[in-house]
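Enquirer: First, the structure itself, so that you have it in front of you.
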Amino acid sequence: MRRSLSEEFYKFIHEKIAWIGTLAMVIMTFYGAVGKVTPKIISMGFGAGQWIVIVLFAISSTFFAMEYQHRTIIAMLYKHSHKSDIYFSKLFVLFSYNVFLSILSIPTTFLVKLICFPHRFSWTIMVNAHQNVWQALIVNTFGNAIYGIFAITLSFTLYMWLKNNVAVIGIGLFMGFMGSALSAASMDFVPSLIEILKWNPFNLIFITQQLIVPNTEEMSHLTNPELIGANLIYALILSIVGLVLFKRRQV
């Protein structure tokens, strides 16, 4: 397992797509400063969380897809007797990348504010009853990282099932832009089933804002601990399903 981890980290660091994804997140964070900006927008990292999710979807599926496209998966299976070593090594690398992007979004947010709004929006302005801007930014970054874990495991599982990288990226874009709206609409449309529908996977994206915007709970119908727990439980289930599909997939 240690050897597999070392190999996967080496490959990932030397893949252009990893650095392109990082650059894209930084650029889109600056783009988030265009238009109307409020302290709440700043506390959300100028929307960095949304872009991190999309980057993770794209890179997670591509990281696996390249092995099949270049046929390097054959050599990997020959060197490693356990498919689970390959699968979980890749998963751990992407989890680490998720943490990296989440942490990077904090200084990037500070930089965007420094450049675009140097004399506006004090970091100590309260954005809710308990948090000022910088405190809310830290909490929201935690929420983004939790959702990132779910996004990575979903991306892996979808790729193993659909065997189509473009389709997985498309689903990631849809969930990033429309997931919360679709989930809220479905619960409004069938209010009698809210207790069931609130656990749907599209609802999990609310964690990227609810931790600092308390009234979001009225749309998600889940408490903060429930949202965190649901994301992690879904991620665990998807990790297992993805591994099973990977083991059954023919090279």
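The values are calculated or read from the model by the stated rules, or taken from the named source; none is laboratory data. Since this is a predicted model, take the numbers as computed values, not measurements. We place every Cβ from the backbone using ideal geometry, glycine too, and count neighbours over all the protein chains shown.
Enquirer: So which pairs qualify, if the first residue must be in the stretch 172-189 and at pLDDT 80 or above, the second must be not in a helix (DSSP H, G or I), the Cβ gap must be under 8 Å, and the two must be at least 6 apart or on different chains?
Expert: Short answer, once both residue conditions are applied: 183/200; 186/200; 187/198; 187/221.
Enquirer: Take residue 206 and tell me if it is at pLDDT below 85 and not β-branched (Val, Ile, Thr).
Expert: no
One line per residue, one yes/no per condition, for (1) in contact with a Phe, Trp or Tyr (Cβ under 7 Å, 6 or more places away or on another chain); (2) among the charged types (D, E, K, R); (3) over 25 Å from residue 223 (Cα atoms):
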| site | (1), (2), (3) |
| --- | --- |
| 111 | no, no, yes |
| 116 | no, no, yes |
| 120 | no, yes, yes |
| 129 | no, no, no |
| 135 | no, no, no |
| 138 | no, no, no |
| 143 | no, no, no |
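Enquirer: Further question: Where residues in the stretch 209-251 are among the hydroxyl-bearing types (Ser, Thr, Tyr) and closer than 20 Å to residue 151 by Cβ, which of them is nearest to the chain's Cα centre (by Cα)?
Expert: Filtering first and then ranking leaves 234.
Enquirer: For the stretch 122-171, enumerate the residues that are at pLDDT below 85, over 19 Å from residue 87 (Cβ atoms) and in a loop (DSSP other than H, G, I, E, B).
Expert: 128, 129, 130
Enquirer: Condition first: buried (at least 16 other Cβ atoms within 10 Å of the Cβ) and of a type in the set (A, V, I, L, M, F, W, C). Now tell me which residues in the stretch 242-251 satisfy that.
Expert: Result: 243, 245, 246.
Enquirer: Let me ask something else. For the stretch 71-124, enumerate the residues that are surrounded by fewer than 16 Cβ atoms within 10 Å (Cβ to Cβ) and of a type in the set (Gly, Ala, Ser).
Expert: 75, 81, 84, 96, 122
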